[in-house]
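Enquirer: Could you have a look at this structure, given as structure tokens, before my questions?
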Amino acid sequence: MSLVFAGVCSHAPGITGRKDRADPVVRDAFYAAYDRMRLALEAARPDVLVVVGAEHFANFFMNNMPAICVGMGEHYEGPIEDEAWLGIKHTRFPGAPALSMQLIQDVMQDIDLAYAQEWKFDHGIMVPLHFLTPRADLPIIPVNINCQGPPLIPLARCYEFGRALKRACDARPERIAVIGTGGISHWPATPDSGRINERDRASFLEKFLANRREDLIAYKDEETWREAGQGGLEIRTFIALAGAAEGHTGELWFYAPIPIFAVGCTVAVMNLQAGQKAA
Amino acid sequence: MSLYNVQKLMFQLNRDPAVRRRFDEEFESLLADYDLTEEEQIALRDPDIGLLYVMGVNGQILMHYAALRGFEWNAYMEAMREGERKYGPVRTGLYTRAAGR
């Protein structure tokens, strides 16, 4: 089999932790988009869900920071944050260690990886799973791309990781779903929290949905940092996902800035089955 | 290097229940285990969230320390703004740009 589902979504902690402070009309439309994504994910009947995230110092710190790390645990748990603060109860998720090992081994033909048999999820993975696998019954393989503590892996390598992941998935009989989760332009955890550079955000999403590799990997971190905020460095997760779905375009199911969530809230799904090829 | 130690303390506090227990029960002894400047110790002890922000603590670590010390979201935002007013722009790290907006 191969990838049976690929999409991206936001993961900001305010999405669940500050839900009561958002405009309920916009918030509920966003939640409905997550639910649409959940239904599409379930309809794809995946055996496992690979979550390419950008964690925030839950497991990895500057004492030993991997550029990319893939989980190989029997199970995972989270959130690492206070349950009340995040608005998500502590949950245990099944892993898929044998498949993880095989995927890691295969991806390492092209990209050096770290792996971890122990992993505590923070909001970067908990928020998407809260909406997409609410029963916590789908085996998870977490992937972290360091987007928080520079130096960061180059964007072209993120795309290449996605390609390698796709190749590894193609070699497996399991039905594998993959999501990328991160922010585009945003300044989370700063006094500018809630600010978004809409022009940058729209331009990036257009390139992402068209899956134009050259345009995506042409971004410069210094420019992203200056124009789109330190949170904009998380485009690495979107770019990896685009690499995994190379040759396919995407469809935007939801976008709206929700300032109290500190992010432009996004749900998009790649047209893997529709045969819509990127230029 | 010292900022690294401030962030390391917060990182370990965030993920290790044993460090959290020491934080609750023997705060000074916990601080002593990290190589911190006097200013950093004061900022952690007070806590002065605005000063920690200006020092350059990564916001993704600081926001949890602020929550742990009882700062709800709006108070946390205001503490960072107050830090900028009182101590100037963020001194170093990924968050320097935010102060120069």
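Coordinate-derived values only; no laboratory data. If you're wondering where the values come from, they're calculated on a predicted model, not measured in any experiment. Note: ideal-geometry Cβ built from the backbone for every residue, glycine included; neighbour counts use all protein chains shown.
Enquirer: Can you tell which of A:R226, A:R135 is surrounded by fewer than 22 Cβ atoms within 10 Å (Cβ to Cβ), of a type outside the set (D, E), in contact with a Lys or Arg (Cβ under 9 Å, 6 or more places away or on another chain) and free of Cβ contacts under 8 Å to residues at least 12 places away in the same chain?
Expert: On the way: A:R135 fails: in contact with a Lys or Arg (Cβ under 9 Å, 6 or more places away or on another chain).
Being surrounded by fewer than 22 Cβ atoms within 10 Å (Cβ to Cβ), of a type outside the set (D, E), in contact with a Lys or Arg (Cβ under 9 Å, 6 or more places away or on another chain) and free of Cβ contacts under 8 Å to residues at least 12 places away in the same chain holds for just one of A:R226, A:R135, which is A:R226.
Enquirer: Among A:I104, A:I111, which is of a type in the set (A, V, I, L, M, F, W, C), away from every other protein chain (no Cβ under 14 Å), under 30 Å from A:G247 (Cβ atoms) and not in a helix (DSSP H, G or I)? Write out each step before concluding.
Expert: Values: A:I104 fails: not in a helix (DSSP H, G or I).
After applying the criteria, what remains is A:I111.
Enquirer: Also, I was wondering about something else. If you take the residues in region A:15-42 that are within 14 Å of chain B (Cβ to nearest Cβ) and among the β-branched types (V, I, T), which one is surrounded by the most Cβ atoms within 10 Å (Cβ to Cβ)? Steps first, answer last, please.
Expert: Going through region A:15-42, the residues within 14 Å of chain B (Cβ to nearest Cβ) turn out to be A:15-22.
The next check asks that each one be among the β-branched types (V, I, T); those that pass are A:15-16.
Details: A:I15: 29, A:T16: 20.
Selected residue: A:I15.
Enquirer: Right, next: List the number of the failed condition for A:A98; all other conditions in (1) free of Cβ contacts under 8 Å to residues at least 12 places away in the same chain; (2) within 14 Å of chain B (Cβ to nearest Cβ); (3) out of contact with any His (no Cβ under 7 Å at 6 or more places or on another chain) hold.
Expert: Only one criterion is unmet by A:A98, namely (2).
Enquirer: Give the residues of region A:229-249 that are more than 14 Å from chain B (Cβ to nearest Cβ), more than 16 Å from A:V50 (Cβ to Cβ) and of a type in the set (G, A, S), sorted by residue number.
Expert: A:G247
Enquirer: Out of everything in region A:15-63 that is of a type in the set (F, W, Y) and in a helix (DSSP H, G or I), what residue ends up being farthest from B:Y76 (Cα to Cα)?
Expert: Residues of region A:15-63 that are of a type in the set (F, W, Y), as a first pass: A:30-31, A:34, A:57, A:60-61.
Filter once more, keeping what is in a helix (DSSP H, G or I): A:30-31, A:34.
Values: A:F30: 26, A:Y31: 26, A:Y34: 28 Å.
The residue in question is A:Y34.
Enquirer: Continuing with this model, one more query. Just name the residue that is farthest from the other protein chains (Cβ to nearest Cβ) out of those in region B:34-63 that are closer than 16 Å to A:W187 by Cα, touching a residue at least 40 places away in the same chain (Cβ under 8 Å) and part of a helix (DSSP H, G or I). Show your work before the answer.
Expert: Initially, region B:34-63 is screened for residues closer than 16 Å to A:W187 by Cα, giving B:53-54, B:56-63.
Add one more test, that the residue is touching a residue at least 40 places away in the same chain (Cβ under 8 Å), and what stays is B:53-54, B:56-58, B:61-62.
Cutting the leftovers down to part of a helix (DSSP H, G or I) gives us B:53-54, B:61-62.
Details: B:Y53: 8, B:V54: 11, B:I61: 5, B:L62: 7 Å.
The selected residue is B:V54.
Enquirer: If you take the residues in region A:43-58 that are among the aliphatic types (A, V, I, L, M) and within 14 Å of another protein chain (Cβ to nearest Cβ), which one is surrounded by the most Cβ atoms within 10 Å (Cβ to Cβ)? Steps first, answer last, please.
Expert: Restricting attention to region A:43-58, the residues satisfying the condition of being among the aliphatic types (A, V, I, L, M) are A:43-44, A:48-52, A:54, A:58.
Narrowing further to those that are within 14 Å of another protein chain (Cβ to nearest Cβ): A:54, A:58.
Values: A:A54: 28, A:A58: 25.
Ranking the candidates gives A:A54 first.
Enquirer: While we're on this one: Out of the residues in region A:66-81 that are under 19 Å from A:A136 (Cα atoms) and surrounded by fewer than 19 Cβ atoms within 10 Å (Cβ to Cβ), which is nearest to the other protein chains (Cβ to nearest Cβ)?
Expert: Per the criteria, the residue is A:E77.
Enquirer: In region A:165-197, how many are touching a Gly at 6+ places or on another chain (Cβ under 8 Å), surrounded by fewer than 24 Cβ atoms within 10 Å (Cβ to Cβ) and more than 14 Å from chain B (Cβ to nearest Cβ)?
Expert: Residues meeting the conditions: 1.
Enquirer: Okay, moving on. From the list B:L36, B:L9, B:L3, which residue is crowded, with 17+ Cβ neighbours inside 10 Å and under 23 Å from A:W85 (Cβ atoms)? Before the answer, list the steps.
Expert: Working: B:L36 fails: under 23 Å from A:W85 (Cβ atoms); B:L3 fails: under 23 Å from A:W85 (Cβ atoms).
Just one listed residue meets the conditions, B:L9.
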